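Right, one structure below, let's go through it.
Every read-out reported here was derived from the displayed coordinates using simple, explicitly stated rules and does not represent laboratory data. As the structure is a computational prediction, the values presented were derived from the model and not from experiment. Note that we place each Cβ from the backbone using ideal geometry, even for glycine, and neighbour counts take in every protein chain shown.
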Amino acid sequence: MRLGSIFFYPIKSTSGHEVAEAEVQPWGLAGDRRYLVVDERGEPITAREHPIMLACVALADGAAIKLTGPHADPLRVVPTSRRFTANVWGTPVEVTDCGDDAAAWMAALIGRPARLAWLDDPTRRPVDPAYGLPGDRVSLADGYPLLLTTTASLARLGDWVAETAAELGEEIPQPLDMRRFRPSVVVEGADEAFAEDGWRRLRIGEVEFRAAKGCDRCVLTTVDPDTYAKGKEPIRTLNRHRRWDGKVWFGVNLIPDGTGVIRRGDPVTVL
């Protein structure tokens, strides 16, 4: 097996970037989900409810980031010194405000009051202790430093989606784009679909990881990453084939047991 793709997402729930290599840090890929959009109460605003957020592209610009989108001129954002507490899926996390210009830019894109926040210290947020060790940390991702998916599992899911459409007399849809699942790393060459369900430890290049738990999926997977339109798939078909514990599952969450650079084409070994 080999590492086929690497993605990182500078701002949670906005557009991601595919890269040829990335630095693995204890809390995730370097630069991944260190920024978050929140409402006036400090609650996350995501593309689950506001798919247009996927039209926001953030690029590193020295110590700042540059925002581009369809609604306004590009904006260079430098975090301020003002801190506040965001509620990141039930965990209070101290973050740094990115200023009024960034707030206005995001609010105009989303259509509601919003602020952009930066996690200046990624050691602040622990991983769920039920699945991690005491020293494990995560940035502003949903719960774990990295998410792994495989092309074999996507292909099987695509077959199931086509079968579902045929049974219901619907037009067979285009193959699913892996970007719907917002992975960090995509593995090619797995012998079987969903083999990753049973992985407990693996090595990508020279970096070792624990597979903490499977990834339960939400409605964000039903948003087309290019048009931002919502549909029924893949949740409808996952409900038929990959539902247990009241959730649907695709991919596995990883926690690094080391640091280093991973590169597209690196060997992937199950330990």
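Some points to look at:
- Translational diffusion of the stretch 35-118, estimated by Stokes-Einstein from the Kirkwood radius over alpha carbon pairs at 25 °C in a medium of 0.890 mPa s, is 191 µm² per second.
- Relative contact order computed over the stretch 1-117 (Cα-Cα under 8 Å; 6+ residues apart), in percent: 21
- Mean Cα-pair separation over length for the chain, i.e. relative contact order, pairs under 8 Å, 6 or more apart, %: 24
- Loop-located chymotrypsin sites (Phe, Trp or Tyr not before Pro) across the stretch 214-271 with a Cβ neighbour count of 16 or fewer within 10 Å are Tyr228, with loop assigned by DSSP.
- Segment Asp257..Leu168, full-extension length gain: 27.5 nm, with 0.36 nm per residue of separation and the alpha-carbon distance subtracted.
- Each Lys and Arg adds +1 at its Cβ and each Asp and Glu adds -1 at its Cβ; summed about the Cα centre, the stretch 21-169 shows a dipole of about 300 debye.
- Note that the stretch 179-244 carries a Kirkwood radius of 14.0 Å, evaluated over its alpha carbons pair by pair.
- Of the Cα atoms belonging to the stretch 163-214, the radius of gyration and Dmax stand at 15.5, 48 Å.
- Antiparallel %, DSSP beta bridges [both residues in the chain], to 5: 95
- Radius, Kirkwood style, for the stretch 82-212 when every pair of distinct Cα atoms is counted (Å): 18.2
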